[in-house]
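Peer 1: Mind having a look at this structure? Questions to follow.
Derivation of every value follows stated rules applied to the coordinates shown; laboratory data play no part. What you are looking at is a predicted structure, and each value in this text was computed from that prediction instead of being measured. A quick note on method: Cβ atoms are made from the backbone with ideal geometry, for glycine too, and the neighbour counts reach across all protein chains shown.
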Ligand SMILES: Cc1cc2nc3c(=O)[nH]c(=O)nc-3n(C[C@H](O)[C@H](O)[C@H](O)COP(=O)(O)O)c2cc1C
């Protein structure tokens with residue numbers, strides 16, 4: 001039985017590095033164990049989104065996709081030292097405990113590491129307030145770590161390593177498994193498994 005993962009892109013831009021990052025991340029998710037889908041918030045009906053009209057078809061489909069997912073990869077650009085307003089608009093129209101029981105991996109693209117903690121100080125409490133089971137370690141990928149090669153996103157070795165470690169932690173959490181380490185630091189529990 002495969003676990004359902006929804007990757008949400010919170011960037012308003014058409015050629016978003018975050019959306020490319022999602023494609024890149026999803027190529028590292030084993031397809032036999034996970035069923036992955038992507039939701040680009042910029043493609044939702046903008047008027048309905050602003051008015052929190054959950055009856056509008058694109059919005060109601062998005063809300064259902066969130067409800068059906070066991071794990072969410074929430075991807076945002078860092079804007080003005082915070083996550084995007086587009087992402088907040090969407091989170092605000094979900095039910096109060098619309099993330100109950102889910103595992104979430106916060107992922108951001110930013111100009112530099114200057115605003116790395118905004119994921120933990122800004123986004124994490126919002127997710128937590130919506131009932132998530134576990135928000136795993138956040139990962140920020142910076143512009144100097146990314147290179148677009150045609151339509152493909154390439155990361156430098158450090159970016160790749162951070163992403164792989166974060167993803168491993170997230171996937172183990174979605175599957176309800178223990179894990180041997182978090183970002184290279186061993187877990188102190190004997191029940192931890194790979
Ligand atoms: C309006 C705006 C505000 C931004 N503010 C910040 C910021 O405060 N800190 C930062 O590191 N990068 C900032 N950036 C850079 C973006 O985070 C970066 O370009 C990101 O990779 C864009 O992701 P996207 O292509 O998925 O939209 C900003 C970009 C824009 C357009």
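Peer 1: Taking segment 72-140, how much of its Cα-Cα pair set, in percent, is spaced more than 18 angstrom apart?
Peer 2: Numbers: 699 of 2346 pairs.
The share of Cα pairs beyond 18 Å in segment 72-140 comes to 30 percent.
Peer 1: Take every DSSP beta bridge with both residues inside the chain and express the antiparallel ones as a percent of the total, to the nearest 5.
Peer 2: Values: 7 of 32 bridges.
Approximately 20 percent, going by the DSSP bridge assignments.
Peer 1: Cα centroid distance between segment 68-119 and segment 23-63, in Å?
Peer 2: Comparing the Cα centres of segment 68-119 and segment 23-63, I get a distance of 13 Å.
Peer 1: In what sequence do 105, 146 fall when counting other Cβ within 10 Å, fewest first? It would help to have the intermediate numbers written out before the result.
Peer 2: On the way: 105 26, 146 17.
Neighbour counts put them in this order, fewest first: 146, 105.
Peer 1: Would you mind calculating the relative contact order of segment 72-138 from Cα pairs under 8 angstrom and at least 6 residues apart, reporting the percent as a whole number?
Peer 2: Values: 95 pairs, mean separation 28.9, N = 67.
Worked out over segment 72-138, it gives 43 percent.
Peer 1: Top mean-square fluctuation among 121, 83, 179, Gaussian network model of the chain, C-alpha springs under 10 Å?
Peer 2: 121
Peer 1: In addition: Label point 7 Å out from residue 149 along Cα-to-Cβ: which residues of segment 1-33 have amide N under 19 Å?
Peer 2: Hits in segment 1-33 for residue 149 at 19 Å: 17-29.
Peer 1: Could you give the length gained on full extension between residue 65 and residue 133, defined as 0.36 nm per residue of separation minus the Cα-Cα distance, in nm?
Peer 2: Taking residue 65 through residue 133 to full extension adds about 22.7 nm, to one decimal.
Peer 1: Using the 10 angstrom Cβ neighbour count as an exposure proxy, how do 59, 50, 182, 78 rank, fewest first? If you can, show how the numbers build up before the last one.
Peer 2: Details: 59 19, 50 10, 182 16, 78 23.
Neighbour counts put them in this order, fewest first: 50, 182, 59, 78.
Peer 1: Continuing with this model, one more query. Looking only at 143, 108, 69, which one moves most when the chain is put into a Gaussian network model with springs between Cα atoms under 10 Å?
Peer 2: Per the Cα network of the chain with a 10 Å cutoff, 143 tops the list.
Peer 1: Most mobile of 166, 131, 18 per a Gaussian network model of the chain (Cα springs, under 10 Å)?
Peer 2: 131
Peer 1: More than 30 Å apart: what percent of Cα pairs in the chain qualify?
Peer 2: Working: 2905 of 18721 pairs.
Summing the P(r) tail past 30 Å for the chain gives 16 percent.
Peer 1: Hey, another quick one. Ranking 93, 87 by Cβ neighbours within 10 Å, fewest first, what do you get? Could the numbers behind the result be given before it?
Peer 2: Values: 93 18, 87 24.
Least to most surrounded, the residues fall as 93, 87.
Peer 1: Ok, one more. Please say if segment 1-82 is rounded, prolate or oblate, where rounded means a/c under 1.5 for a ≥ b ≥ c the square roots of the C-alpha gyration tensor eigenvalues, and otherwise the choice is prolate for a/b larger than b/c and oblate otherwise?
Peer 2: Working: a/c = 2.38, a/b = 1.24, b/c = 1.91.
The shape class here is oblate.
Peer 1: Please state the relative contact order of segment 28-104 as a whole percent: Cα pairs under 8 Å, 6+ residues apart? Before the final figure, lay out the partial values.
Peer 2: Values: 49 pairs, mean separation 25.3, N = 77.
Over segment 28-104, the number comes to 33 percent.
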